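The values are calculated or read from the model by the stated rules, or taken from the named source; none is laboratory data. Just so it is clear, the model here is predicted, and its values are computed rather than measured. Positions of Cβ are generated from backbone atoms using ideal geometry, with glycine treated the same way; all protein chains shown enter the neighbour counts.
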Amino acid sequence: MVNLTIDGKKIQVEEGTTILQAAKKAESKIPTLCYHPLIESYAACRVCMVEVSLKGRTQLITSCNTKVQEGMEVQTNSERALRARRLNVEMLMARAPAAEPLQRIAQELGVEKTRFEIKDPNEKCILCGLCVRTCEQIVGASAISFIERGTDRTVSPPFGEPSEACISCTACAYFCPTGAITVEDKYGRKVIHDELHLGPTTAIRVTTRQAVPMIPFIDKDACIHFKTGKCKICEKVCERQAVNHEMEDTSREIEVGSIILASGFNPFDAKRIPAYGYGRFPNVITALEFEKLVNASSPTGGKILLANGEEPKAVGIIHCVGSRDENYNEYCSRVCCMYSLKFAHLIKEKANADIYDFYIDMRCFGKGYEEFYHRLLEEGTKFIRGRVSEITDMALTEKEEGKLIIRVEDTLIGIVRRIPVDMAILAVGLEPGLDHNQLAKTFNISCSQDTFFLERHPKLAPVSTFSDGIFLAGTCQGPKDIPDTVAQAGAAASEALALADKGTFDLEPITAVIDEELCSGCQICVGLCPFTAITYDKEKDISVINDALCKGCGTCVAACPSGASYQKHFLDKQIFAEIEGIFVV
């Protein structure tokens, strides 16, 4: 430990600590511009000058890169130190008069204006070199450097042209202390709707601020280390040493007694309908993108903004995109109508724009849903019944210039209308998540015609499947809203707990049986059984049925060429006896 005095206050710090860090511990404020704790300092701005006395010698030194010594006495606000700071600030103001952090320091020091010549009143760069050292030492790209000398010195990529070495990590802009480096969209967009995040936008982040569990992850596509092999700043600052860039995905096999399938859904890809212009027009967005835009955790702070950063004056909401359509999905996604109504209410509340709601049929089926629909009617939302044919930017009148034109047949009045709007929101439907056909084969369950998982019975067993111990929860079974999903998830969990608590399960009373004397060992039934309940016994040269797996579907009975397979309680003798009994009566 090193003992020193700062502004008359004696403190003790670890060896290797800089004067700037020690002053922070002593609660003495030293201004600085070019200092960053993650980068080794070399005092480019020289604003952090302090007066130091050691071994009878007094001198002015920079505090950000000078390490403390035993018996050192530091004066952070001596007249000599303040005079040196003011002079350095005046020279920096001549170089970068538009730098706001520099202006604040000048105001604190009482410097109103510089005595030196100002070349560019809009310049912000103080030539501290943080960006250059960041690109070289941390990123490892070396895409920018100092060029020229003297008063002509500046920071630039080689030859002043965009460098192929740049990986667009924006680290230079992050470390720049004066805001001289900015990151802008090359198309001039202020808001990029399809790139919005609800959580932080850094390479190591949580998915959303409401994520459960709140566990961060590393985005390999954005992480500097996986691009250049350098950086690893997160490892240095993590006190618990929880960051491991070498960790890889692993697979584990776990033996369980029951399984709940909750594979979720995927939103319909709006690019599959080219007529709606999604991907071509920046202000044609999907429902999920609008949900991120209007969320308080979004980069816009919940403000509804167009790509150019302005608020929309007219918004169109298009229902049933990818649903109730013979070309894509014939089923109703159930949630589109209500979340579209929610969007209309939020737009009216936050932007006070004109809202046009294009629908086929308004399906407000839940508790309080119809009342909410009537509330929007009172708020002034304009509902137009009809499927939108296309969204275009081709204006036919002066009123349509610079607008998105929604072309739709209004079926209530029987005419084709052209509605100019600033933003169009596509209420996309729900599709099965993951590969349901492959999952169905893995778990020996069935899919309905729309590839959602098929339940055992729509009313009596809505969460069970034809495979015992496997249950369904959420939108893997079919489109549904949050209340229905929560209710079904609770039912699936109850079924799984009941099965675990009971420890046994009931077998099907009606199962198939194979007569060993009649079986020829052709194995046709083995390949046809949807529950893999039939195996082939090589020693006996016959097929064998596992009663625990058999569900009595009768596929093997119908396919058996030798008539060796039959179902319990449905023997030919029994059926004939029933027929004879009818005639006797």
When residues of the stretch 213-269 are filtered for being more than 24 Å from the chain's Cα centre (by Cα), of a type in the set (Val, Ile, Thr) and not in a helix (DSSP H, G or I), how many remain? 4
Please find, among Gly110, Gly16, the residue that is closer than 30 Å to Glu235 by Cα and without any contact (Cβ under 8 Å) to a residue 60 or more places away in the chain. Gly16
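Hey, any hits in the stretch 249-266 for a residue that's within 30 Å of Ala493 (Cβ to Cβ), surrounded by fewer than 12 Cβ atoms within 10 Å (Cβ to Cβ) and among the basic types (Lys, Arg)?
So far as the stretch 249-266 goes, yes, one or more of its residues are within 30 Å of Ala493 (Cβ to Cβ), surrounded by fewer than 12 Cβ atoms within 10 Å (Cβ to Cβ) and among the basic types (Lys, Arg).
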Only residues that are more than 29 Å from Gly301 (Cβ to Cβ), in contact with a Cys (Cβ under 8 Å, 6 or more places away or on another chain) and not hydroxyl-bearing (Ser, Thr, Tyr): list them for the stretch 333-360, please. Ile360
For Glu136, the lone unmet condition from (1) surrounded by 15 or more Cβ atoms within 10 Å (Cβ to Cβ); (2) at pLDDT below 90 is (2)
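Go through the stretch 102-117 and give me each residue that's farther than 24 Å from Gly150 by Cα and part of a loop (DSSP other than H, G, I, E, B).
Those that are farther than 24 Å from Gly150 by Cα and part of a loop (DSSP other than H, G, I, E, B): Gly110, Val111, Glu112.
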Exactly one of these conditions fails for Arg363: (1) surrounded by fewer than 16 Cβ atoms within 10 Å (Cβ to Cβ); (2) within 26 Å of Asp481 (Cα to Cα); (3) not hydrophobic (A, V, I, L, M, F, W, C). Give me its number. (1)
Of all residues making up the stretch 139-149, the number that are under 18 Å from Glu123 (Cβ atoms), out of contact with any Gly (no Cβ under 9 Å at 6 or more places or on another chain) and surrounded by fewer than 18 Cβ atoms within 10 Å (Cβ to Cβ): 2
If you check every pair at least six apart or on different chains, which have Cβ atoms under 8 Å apart with a residue in the stretch 456-467 that is assigned by TED's automatic domain parsing to the domain that holds Leu439 first and a residue that is of a type in the set (S, T, N, Q) and modelled with pLDDT under 90 second? Thr465/Ser446; Phe466/Asn444; Phe466/Ser446; Ser467/Asn444
Taking the stretch 39-74 as the region of interest, how many residues are in contact with a Leu (Cβ under 7 Å, 6 or more places away or on another chain) and surrounded by fewer than 14 Cβ atoms within 10 Å (Cβ to Cβ)? 1
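When the residues of the stretch 150-209 are narrowed to those that are among the aromatic types (Phe, Trp, Tyr) and either at negative phi or assigned to a loop (DSSP other than H, G, I, E, B) (or both), which ends up surrounded by the fewest Cβ atoms within 10 Å (Cβ to Cβ)?
Per the stated criteria, the residue is Tyr187.
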Tally time: how many residues in the stretch 186-212 are within 11 Å of the chain's Cα centre (by Cα) and small (Gly, Ala, Ser)? 2
Here the qualifying pairs (Cβ atoms under 7 Å; residues six or more apart or on different chains; first in the stretch 232-253 and at positive phi and not assigned by TED's automatic domain parsing to the domain that holds Thr134; second surrounded by 10 or more Cβ atoms within 10 Å (Cβ to Cβ) and of a type outside the set (Lys, Arg)) come out as Lys232/His225; Lys232/His245
Out of (1) touching a Cys at 6+ places or on another chain (Cβ under 8 Å); (2) without any contact (Cβ under 8 Å) to a residue 40 or more places away in the chain, the one Phe576 does not meet is (1)
